Each structure stands twice: as C-alpha cells, then as structure tokens.
Amino acid sequence: MLASSTWNERVFLGQTILSLTGDITDPGGGKATAASGRYQIAFNGEIYNYKALAARWLPDRMHVSESSTDTEVLANLHDVLDPEKIPGELDGMYAYVALDERAQALYLARDVQGEKSLYVYEDVDIIVVSSEIPAILSLVPNAPLDVQVLRDGFRTRHFMTFERTAHTGIRQMKAGRVERLDLRALSWSIPADRSISDWIDPARLEANRQRSLDSLTDELDALLSECTREMIPSRRRFAAVVSGGVDSSLLSRYVVTHGNPDLLIAVEHVGKDRISADLSGFEKVLGRAIDVLRIDQAPYSAEIVRCQATCAAPLGSHSFVPQSLQSARVRSAGCRALFGGEGGDELFGGYDAYLDIPSAAGRYSTSPYMAHAEPELAFSGDDPKMIQEELSSAWARALEAYSFVTDEREQMALAMMYADAAYQLPSVGLRGADLMSMMWSVETRSVFIRKPVVEFALNLPLAARIDPAAENKNLRTKVVLKRAFLRHYPAELLVEKQGFAGFPNESAAYLGDRADYLACDVLGIDRGAIASTSLSRATLWKLANTEYFLRSQRGSLGRR
C-alpha cells in the first residue's frame, strides 16, 4: 500500500507500507500522523517494543489494540518526547523522517545498529531523503558517479562505504544519528549522534568476566529465545533461513519453538556448498522440511544486474545475489518476513581472523573486513585519502570504545570485532539483507541485531567470544554462541565454518575480454594490467562487480 501527504506545497512525504503489525486489511495511512496533528511520519522498519512504549509514554493518548501499529506509536511519541530523544527509547530497526509542522522542521533518524539506511541529496532546487538510492535517482537522474568511491572498493575486502555513495551528491546518513532540517533557513543541525559504543558498560563486562561460560550461555539462550518470540509476526506468513551454519540454524530453532514458520529455506550453490547440500540432520531436529534453493552459475550471474540496480552501486559482497534469489522464493511462498542470522559473526567473534591478534595497534584494524589493502591494480587519478581516513578513524573509535580494557591484546581483539560490527556490518551484511529482501517486499529480521542482544554481546569478555587454545577447532570462535547451539543441536552438526559460496568470478565469463572493460577508461586502469593472469580471485571479482555496474550506468558515464 502507498501512503503520501504534502505540506505547504513544499514537503512531500511518501512511503510503501508493508504492514507487518496491526490490521493488515486496513493499514491506514492516517496512523502516520500524531494525534495532535503536529507531526507526520514516513517510516521504514519495525519497532519491537512499541506496545511497551505506548504503555509507558502514551497511556492517556492512545489505546493499543491488535490493530495498532508501531508507526502509530512512533508518530504519537513526538507529542510527548523531544524528537532527538525518541531513538534512544526504540528497540528495533528503523529509518524515518518526522515533519514538525509547528516548528517547520524535518527530523531524520536512523537506527544505531545500522539495519535500515537513509540517503540524502541536496542541491539549490531540491532536497530528497530516501531509504533507497534509486528513489533519489528517479528525481535526480543526472547525479554523476563518484569514480573515486569505485576505486576505493579495491582497497577493502568488500565494497564498503561510510557516508559516501557511488553517486556524487548523495550521502548516507550515519547510523545512530538524528539530523534536523530547518525548513525556513534550509539549514542542517545534528541534535543527537549515538553509536553502539554507548551500550558498552565497563562494570558489566568486568562482572561477566567473573561468570562461568555456563552462566553466560544460560543468559544468552534465554535472551535469544525471548527476543525471537517477540519478533514473530502474528498476522503475516513468515520464513526462516536454515543454512546449516551456527547463526541461522540456532535462530531457526527458536523460531520453530515459538512460532509456526510457513517456510524454512536454504540456498545451495551447486557444487560449492558443502553444508547446505545435506541438511537432513537439521530437518530431523526441527521436525520440518527445508526448502533448498539450488542455483548455479547462470541464474547467479543473471541476478547481479538486478541486485546492483537496487543498490545503485556495485554489490557490497557476492552474498547479495543468493539473498535476492532466496527472498524471491520466500515472497513466492506468500511470506512477508524472513528470519536470518546477520550479525552473529561480528558480535560474537565468529571469524578466524579474530584468533590472530596483533602485538600492537597500527593505523588500521587487522580484521580483513576493516583493513586497508593496497590494490593490485594502479588507477590514474587515484586519491585514496578519504577511504584511508575513514578506515583509520573507525579503528581509532573502536580502540577508544574498549580503552578501559587493561590487557592490550584483549582490547585490540574486542576492538576488531567492534569495528566490524559498527562499520562493516551495516555497510555490507545488513545492507544486503535489507535491500535484497525489500526488493521482493520481504522484511529480513535478525535477532542478533536486537538491542538487548547487541548490548549482551558488546559486554562479553574475550574468553566468551574466542578460545584459540580449544582442542576442537570448531569451538575456537563464537564460544558462548556455539555453546547455545549445542544445547539445541547434536555436536555432529557443528562443523567447520564455510562462509559464502557462489559464482562471483564465474560471472565474468559473460563480460567478454577484460581488455575491453569499461573500467579501464572510467577508473583509469592500464589495459595490459587488467588482462594479467596473475591477478587474485578477490581482484577479479571486484573487476567483474564494477564492470557489471558500469555497463548498467553507460548513460551516466559522461556526467562524471
């Protein structure tokens, strides 16, 4: 359903309503207006604690029933709380704009964990705010590409951006920030700027250091179970991913326990996925069949362009493609919500890289997901100072977040995980899960990004996350999370981490000779160098990823 409104012929608010809460037969665009009439909301996301917020802040203003929505509660909260203070009360994923008609101002807010995105374009004639870049480009089709951002993608493991985007003039609003636009002066201010580091409590971490692993696992198991129960839609069909990995499989166990998912789904890249090729052990425990979507090189490659069109950029990682194909299957089954396991690795210490702790801190994180690497290719006109500063500043903030930890190696390890969770995860993992599912009108939900779970994870000591000395190498990472997994699944289902498979490099077969790539001219790459047979698989995927995008942008290349 579409809902829209205008104000003083100057401001247009519009949104597509998915309606996962309330009465789905009558979404009611009017619920996006506060009872006073002063505030209007355009909102993307889910507020999981909206009933508790209504009981606390709105007992005399609205009666919460089964037909009430989180949008309605969010709009009315603006009548009783300062707009910049509202995000601190929310437990959920969100990006929204609130119009204050009396003060003639717009408030923009984005969730602190970065699940939902918000983009801003401004010139002398127009200001556009949207949760997706293509909506901005439909109004500003002449926004040129930022070629340096494309070059910078070769300096990080994934195509990762901070506040910049692949289009000059379009910026991404920082996660956790509230921005205010004065509609009279057309001037911006930042009344609130939060981060997940605000949830780190030195006293809590020290107390957790004194607890046993069994005690911490007890708390985590109960927390994940309760948060999952709260997230299950009551009036919509929903699905859950069971990849065979720890995160999604554990989450699915809670989903099946507390709800009745209409679909359990996994993706198998034929000939590449070891775990999802046989999920019979998980089917036995869950008591449900798992629909395995088997894809090979052809459909994988064909989906790249569609995914890039939604991102308006090269893909953040090659996992975007199976996420899209998976979401399409979920939508065809009539489901509108999909439970996945995003965030488990970053928050609970799931990558082997965390086992290799440096002896001293450098300018950048040593995690491969936030590290800076010199590209194998040289670019004429290359100016990487901004991406280098972004990565360096992020690492400094991560170290500062755990500056109270006296053991330097533990501080660096915790900082590595923090940087990946605070910066890489929103830019890549969460962005892919959100955009690729919303492209099919499906909403992805991960319990690992719920506020109570993130708070728990950030205050875990290192020993509860990694154990490099564990005899069983499968128990060296995600210590408490895997202990929770083993409470629900037999030990033989805990296997070596595989990571994302797919056919990213194989997709280059459809692009022809690399010496003819547009990337040579646009990015300033020597044609002889691009044809080299010594380039790594990582660089070859970056080239293919960028080339697919550039070919879809042929009409924009003259506006660089």
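The values are calculated or read from the model by the stated rules, or taken from the named source; none is laboratory data. Note that the structure is a prediction, hence the values are computed from the model and not measured. Note that we place each Cβ from the backbone using ideal geometry, even for glycine, and neighbour counts take in every protein chain shown. For the accessible areas, the whole protein counts, side chains as well, though only heavy atoms, and no ligand, DNA or RNA atoms are used. Shrake-Rupley method; radii C 1.70, N 1.55, O 1.52, S 1.80 Å.
Key figures for this structure:
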{"quantity": "Whole-Å semi-axes of the chain's equivalent ellipsoid (Cα gyration tensor)", "calculated": "33, 31, 25"}
{"quantity": "Bridge type composition, the chain - antiparallel percent by DSSP, nearest 5", "calculated": "75"}
{"quantity": "In range of the label at K284: residues from segment 464-490 whose backbone nitrogen is under 20 Å from the point 7 Å along Cα→Cβ", "calculated": "485-490"}
{"quantity": "Debye-sum result for segment 394-448 in log10 I(q)/I(0), which assumes one identical scatterer on each alpha carbon, at q = 0.15, 0.26 Å⁻¹", "calculated": "-0.53, -0.92"}
{"quantity": "More than 21 Å apart - percent of Cα-Cα pairs taken over segment 173-328", "calculated": "66"}
{"quantity": "Size of electric dipole in the chain: Cβ of Lys, Arg +1 and of Asp, Glu -1, about Cα centre, debye, nearest 20", "calculated": "620"}
{"quantity": "All-pairs Cα distance distribution in segment 117-263, expressed in whole percent, bin size 10 Å", "calculated": "8, 21, 23, 28, 16, 3, 0"}
{"quantity": "Solvent accessible area, Å² - S67, 1.4 Å probe, full protein context", "calculated": "50"}
{"quantity": "Accessible area (Å², 1.4 Å probe, nearest 10) - T406", "calculated": "140"}
{"quantity": "Heavy-atom accessible area per residue - the chain, 1.4 Å, Å²", "calculated": "39"}
{"quantity": "Nearest-20 debye value, segment 379-424 charge dipole, Cβ charges on Lys, Arg, Asp, Glu", "calculated": "60"}
{"quantity": "Of all accessible heavy-atom area on the chain, the percent that carbon and sulfur account for (1.4 Å)", "calculated": "49"}
{"quantity": "FRET efficiency estimate (nearest 0.05) - Cβ-Cβ, T257 to A203, R0 51 angstrom", "calculated": "0.95"}
{"quantity": "Potential extension, E408-E496 segment - 0.36 nm per residue separation minus Cα distance", "calculated": "28.8 nm"}
{"quantity": "For the chain, calculated [θ]222 nm from helices alone, where every DSSP H run of n ≥ 4 adds -39500 (n - 2.57)", "calculated": "-10000 deg cm²/dmol"}
{"quantity": "Residue among V330, A361, F379 farthest towards the positive dipole end of the chain, charges placed on Cβ", "calculated": "V330"}
{"quantity": "For segment 395-553, convex hull volume per residue from C-alpha positions, Å³", "calculated": "203"}
{"quantity": "Chain lengthening between R554 and Q104 when straightened (0.36 nm per residue, less Cα-Cα)", "calculated": "158.0 nm"}
{"quantity": "For segment 36-169: Kirkwood Rh in Å [reciprocal of mean 1/r, alpha carbons]", "calculated": "16.8"}
{"quantity": "Residue order for H258, H158 - accessible surface, 1.4 angstrom probe, largest first", "calculated": "H258, H158"}
{"quantity": "Area accessible to solvent at E46, 1.4 Å probe radius, in Å²", "calculated": "10"}
{"quantity": "Residues listed by number, segment 134-154, amide nitrogen under 12 Å from S532 label point at 7 Å toward C-beta", "calculated": "none"}
{"quantity": "Label-reachable residues, segment 462-499, where backbone N falls under 14 Å from a point 7 Å from A277's Cα toward its Cβ", "calculated": "498"}
{"quantity": "Efficiency of FRET between I190 and A52 - r from beta-carbon atoms, R0 35 angstrom, step 0.05", "calculated": "0.80"}
{"quantity": "Cα-only radius of gyration and Dmax that characterise segment 55-123, units Å", "calculated": "13.2, 43"}
{"quantity": "Net length gained if the chain between F12 and S359 were fully extended (0.36 nm per residue, minus Cα distance)", "calculated": "119.5 nm"}
{"quantity": "At 1.002 mPa s and 20 °C, Stokes D of segment 461-560 from Kirkwood alpha-carbon radius, µm² per second", "calculated": "124"}
{"quantity": "Cα centre as origin, Lys/Arg/Asp/Glu Cβ charges: segment 307-410 dipole, Debye", "calculated": "700"}
{"quantity": "Computed FRET value (nearest 0.05) for A509 with E219, which takes r as the C-beta separation and R₀ as 60 Å", "calculated": "0.75"}
{"quantity": "√(5λ) per eigenvalue of the Cα gyration tensor, segment 315-458, largest first, Å", "calculated": "30, 21, 11"}
{"quantity": "Links that overshoot a 19 Å alpha carbon limit, given the list K116/K174; K51/K116; K497/K542; K272/K497; K31/K116; K85/K174", "calculated": "K51/K116; K497/K542; K31/K116"}
{"quantity": "J(HN,Hα) series, segment 428-438, from Karplus relation 6.51 cos²θ - 1.76 cosθ + 1.60, nearest Hz, glycine and proline x", "calculated": "10, x, 6, 5, x, 4, 6, 5, 5, 7, 5"}
{"quantity": "Column: log10 I(q)/I(0), Debye, Cα scatterers of segment 450-506, q = 0.18 Å⁻¹", "calculated": "-0.76"}
